[in-house]
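Notes to accompany the following structure.
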Amino acid sequence: MSEPGVISCAFTNTIGFALLTGSAIRYRFYSNWGISAIAIAQIIAFTNLSFWLGLLAVGGVSFLAAPFQIPAQLHLPFHSTYGLGLIFAVLIALYLTASGTLRGTLTLKTQPLRLPKFNIALAQIVVSSLDWSLAAATLYSLLPQTPGLTFLAFLKIYLLAMAAGVLSNVPGGLGVFETVVILLLSAQFSPAAVLASLLAYRGIYYFLPLTGAILLLGIHEVSKQLQRSRQS
């Protein structure tokens with residue numbers, strides 16, 4: 001079932017609006033394979049939750065370990081990332097605690113919800129955190145070399161910019177993400193140098209996977225139509 005996962009992630013990362021893009025693609029694939037609507041909803045909820053858990057985990061650790069001042073231009077209710085890190089860490093702790101202690105099924109508006117077991121929840125956080133770290137490492141490797149910016153220092157900037165982009169609901173955080181990164185790296189690099197790296201990052205991390213996802217989706221749809229025509 002990796003094909004719908006790859007395709008849906010590529011569309012969601014680039015276009016945004018997960019429920020209308022990635023989730024719709026997953027539903028189309030999984031429903032054709034005979035998976036029930038409830039099971040599909042659980043898969044979608046698990047993957048979307050994993051995305052946020054990784055951000056909360058890596059952000060919580062990095063923001064608490066080495067907090068920095070948030071520029072006033074971002075208009076956030078915090079002056080330092082320490083407050084964000086504290087909230088992120090508490091949410092992760094609550095999720096792991098609930099996964100380890102709540103054994104029954106929760107009900108939300110008549111819909112049954114079951115949290116994953118503790119070991120699965122922990123693995124979920126670890127894998128998603130690794131994904132976030134590798135994404136940040138991609139952009140970090142594209143920046144001009146400077147001894148004044150370590151990867152850990154850049155990781156905090158990347159996570160804050162990505163969180164701002166995701167919360168903005170702008171497709172792919174386009175413009176918002178770049179503005180935050182350029183603003184926070186203005187002391188180390190010129191805006192032109194950072195922008196060039198960001199454009200390369202967009203191509204590698206967003207548009208290249210999207211192109212591959214479109215091709216895979218097209219091949220799937222064509223093969224499906226050919227199969228139907230043969231059966232008829």
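Here are the numbers:
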item	result
Extension reserve of the Val126-Leu183 stretch, reckoned as 0.36 nm per residue once the Cα distance is removed	17.6 nm
Net charge, Phe46 excluded, C-beta distance under 13 Å - Lys, Arg +1, Asp, Glu -1	+3
Phe78/Ile38 FRET efficiency (R0 45 Å; Cβ-Cβ; nearest 0.05)	0.70
Proxy reagent accessibility, fewest Cβ within 10 Å first, across Trp33, Trp132	Trp33, Trp132
Fully extended contour minus Cα-Cα distance, from Glu3 to Thr150, at 0.36 nm per residue	49.4 nm
FRET E, pair Asn48, Ala93, Förster distance 35 Å, beta-carbon r, rounded to 0.05	0.95
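Coordinate-derived values only; no laboratory data. Values in this document were obtained by computation on a predicted structure and should not be read as measured data. With ideal geometry, Cβ positions are generated from the backbone for all residues, glycine too; neighbour counts draw on all protein chains shown.
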